[in-house]
1. GNM on chain B, C-alpha springs below 10 Å: top fluctuator among B:A39, B:A76, B:A55?
2. For A:K67 and A:L208, compute 0.36 nm times the residue count separating them, minus their Cα-Cα distance, and round to one decimal in nm.
3. What is the ratio of the Cα radius of gyration of chain B to 2.2 N^0.38 Å, with N the residue count, to two decimals?
4. R0 = 35 Å: FRET efficiency of A:A175 with A:T225, Cβ-based, nearest 0.05?
5. Mind putting a number on the dipole of the range A:1-154 about its Cα centre? Charges go on the C-beta only, +1 for Lys and Arg and -1 for Asp and Glu, and I need it in Debye to the nearest 20.
6. Name the most mobile residue of A:W86, A:W43, A:W30, meaning the one with the largest mean-square fluctuation, in a Gaussian network model of chain A with Cα contacts below 10 Å.
7. Between B:C21 and A:A35, what's the calculated FRET efficiency when r is the beta-carbon distance and R0 is 22 Å? Round to 0.05.
8. Considering the dipole of the protein assembly as shown built from charges on the beta carbon (Lys and Arg +1, Asp and Glu -1) around the Cα centre, which of A:L44, A:A279, B:L40 is farthest to its positive end?
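Read the figures in this text as sums done on the coordinates, not as results from a lab. Being a predicted model, the structure only gives us computed values, none of them experimental. Reconstructed Cβ throughout: ideal geometry from the backbone, glycine too, with neighbour counts over all protein chains shown.
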Amino acid sequence: MARLVGAVCTSHIPAIGHAIARGIEHEAYWQPFFAGYPRAREWLTAAAPDVAIVVYNDHGLNFFLDKMPTFAVGAAREYRNADEGWGLPTTAPYSGDPDLSWHIIESLMAQEFDVTSCQEMLVDHAFTVPLALLWPSRSQPLRTVPVCLNTIQHPLPSPMRCYKLGQAIGRAIAAYPQELRTVMIGTGGLSHQLDGQRAGFINKEFDLMCLEKIVSDPLALAQYTIRDLVRLAGTQGVEIISWLVARGSLDDHAVKVHSHYHIPVSNTAAGLMVLENAA
Amino acid sequence: MTPTINPQNRPVTAAVETPPCVIPGTYLFDGTLALKGYALNKMCYSFNEAANRAAFLEDEDGYCARFGLNDEQRDAVRRRDVLALLEAGGNVYYLAKFTGIFGLGVQDIGAQQTGMSVEAFRAKLQAAAT
């Protein structure tokens, strides 16, 4: 049977991808951020997942406003990255796991999550930057299942709905008959706002509370509304809903392995959380 | 006999209608803005492709006309004015592909929207750490 080993939640800021591409991780601006990641990689090496289920939000690479799914699940053999328009180098394609994708889609539909399935799906920086942070050499074969949340056009899915989506994904994995090790990756956040006169908004106190509650009391976070999150974490701080999907997939008693927090990376408060599932 | 209210039969209107967003300095990109900004965002979405970015630089008026931008949107594009683009229905993720053409990143547009220098905007972000 498939097993979910845990979850890694991390920011996905494009500037991180630029820093990696330019090889400047050790420069003074970047070192305090990148210093958080060796421990996460170490845990992943030991946990040895075969498949990463990557929960993220598209920023206008794959989806436009003509058709905007709330929850979209990739069901392809391969996922390509592409030019996003502002200069981030593109990465090599990522392998999919169509069998697991279709199992998750079937299971989610049976659990009344009416998801959009995608046999072609470009993955943007919110997918590629976390994978580059967590598996920099790409020396191990890793298959992926992208799960994309709409954070562009309101109404967005509520934090509670996202937490419950995670619970449903957790049940889907537990019911998958193949011997397989899986890990959930939740990307985005923490507090930041790119647009409006309030651009540059960061809320350290709220972020630190989230880093605590995502471990011990995720329902406390799931009870916020999207508008609460916009007010408290900024318009793009709502991306923490991806963390709630990841957390929802785990056992209630999942334990924290590691966390890291750094202000600022570009316009954003950067967060990292590694959670191990109960045995 | 007094009729009892069955919660199952309550009209759902109250639960689904949301009041306008009133967070200062914040644009909530909802249906109203998505409708208003569709042409502008569609043009910006096209800038994922290098050939389209080049075509815009080659003939800005012609490119904007092809996507049917209205006068407000055309003027905001001409001025590279992010707040005006947001007012005109632009979404920041698509707008980033437009500002990227001119090498403007999120810190540049953050500075522009807050009326600060880029250095002052960066300092404000650093200060959030303390």
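1. B:A55
2. 47.2 nm
3. 1.46
4. Step by step, r from the Cβ atoms, then E = 0.65.
5. About 440 debye.
6. A:W86
7. For R0 = 22 Å, the calculated efficiency reads 0.05.
8. Going by the Cα projections, it comes out as A:A279.
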